[in-house]
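First up is the structure itself, then whatever we jot down about it.
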Amino acid sequence: MRIGRFWLGLMLSGGAAYLAIRTTDLDRVRHAFSEANPIWVALALASVLMTVGVKAARWRALYPRTGRRPRFRALTMALLIGMTANLLAPARLGELARIYVVERLEGQSKALSLSTIAIEKWADLIMLLLTFAALLPFFSWPTWLTAWGQRLAWLASALTATLVASLFFLNRMHSLAERVACCLPARWSNSVLGIWHAIQEGLFALRTVPQIGALLGWTLMVWLVSASTNLLLLRALALPSSLLIALTLLVILQAGNALPSSPAKIGTFHYLAILGLGLFDIPQDVALAFAVWLHLVVVVLLIGLGILCLMWISFVAERKPT
């Protein structure tokens, strides 16, 4: 299935790349690309780094205060490696990579990290759904994107119900878990109870209204900083720039994550950016130049940083004092 998805992603990316360039004047694309203001491009690069930092800070806040929270640096490296895995691998393996990196660097329980990532994904899903709903009245969305929004609403509802049921089940069935664990060998019993407690701790961010509010506040900050990258690059190319355009691009590119794609999302990323800018009557030639810049600033930068983090872990973090 992974091999099939990989080849399907290559075909979709190739088709998207063809659609992106078939009616464009490449000379105009090169001219628009070269005219980008380097100061605004540098600010866009800084906003990508800030987005990673805010995401790492949010992730750290999801770990319970009762134990030793992972260091900010370790979570940042785990995030970058996870993003790189998602951008390069045919299947979304980034979340698993994050769990193993945090365990290696900080000794954190896999179950605890998995719980925090589940909450993080839920918050991002809710924010994506709310943003999409808020943008609906402004223009007519493509049919495929409207259908995606409907599936997104069902997914958000299912994930919310699952998390609520998990909170109820874990809090009410603790004694049952202990009785089941007593019937198992000691080695397995300790593992079962350890996983149970880790998941309970990982869901602490959803236990009270203030904690949920803090989680959504962090998530709103993540989304605003992410949208600022689009906004700054629009300014860099002297294109119409507004929060509406920046958020619309963010939603459409997030929707594209559900599609199979080639490694580094070459082709699909660019075509989706062109579609988003096309909703605001921005010519395809200039839109393609913007898409290339955005791909370089976001995708290529994150992949480069993720590879550097992998190299650091492999060649520095593994070194033992002599």
### Task
Could you check how many residues of region 45-95 are assigned to a loop (DSSP other than H, G, I, E, B), touching a residue at least 40 places away in the same chain (Cβ under 8 Å) and in contact with a Lys or Arg (Cβ under 9 Å, 6 or more places away or on another chain)?
4
### Message
Within region 80-108, take every residue that is surrounded by fewer than 16 Cβ atoms within 10 Å (Cβ to Cβ) and among the charged types (D, E, K, R) and give me the one that is modelled with the highest pLDDT.
### Response
ARG104
### Task
Considering (1) in a helix (DSSP H, G or I); (2) open to solvent by less than 30 Å² (accessible area, probe 1.4 Å); (3) at pLDDT 85 or above, say which one ALA111 fails and leave the rest.
(3)
### Task
Any chance you could count how many residues in region 232-246 are within 21 Å of MET127 (Cβ to Cβ) and surrounded by fewer than 22 Cβ atoms within 10 Å (Cβ to Cβ)?
5
### Task
Would you mind telling me which numbered condition in (1) open to solvent by 20 Å² or more (accessible area, probe 1.4 Å); (2) more than 20 Å from ALA89 (Cα to Cα); (3) at pLDDT 90 or above ILE303 fails?
(2)
### Message
Need the failing condition index for SER314 against (1) among the hydroxyl-bearing types (Ser, Thr, Tyr); (2) open to solvent by less than 50 Å² (accessible area, probe 1.4 Å); (3) farther than 21 Å from LEU145 by Cα, just the number.
### Response
(2)
### Task
Please report, ordered by residue number, the helices (runs of 4 or more DSSP H) entirely within region 212-296 with at least 1 residues that are hydroxyl-bearing (Ser, Thr, Tyr).
243-256, 268-278
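The values are calculated or read from the model by the stated rules, or taken from the named source; none is laboratory data. Given the structure is predicted, the values throughout are model-derived calculations rather than measurements. Positions of Cβ are generated from backbone atoms using ideal geometry, with glycine treated the same way; all protein chains shown enter the neighbour counts. Each accessible area value is taken on the protein alone, full model and side chains, heavy atoms only, with ligands, DNA and RNA left out. Shrake-Rupley method; radii C 1.70, N 1.55, O 1.52, S 1.80 Å.
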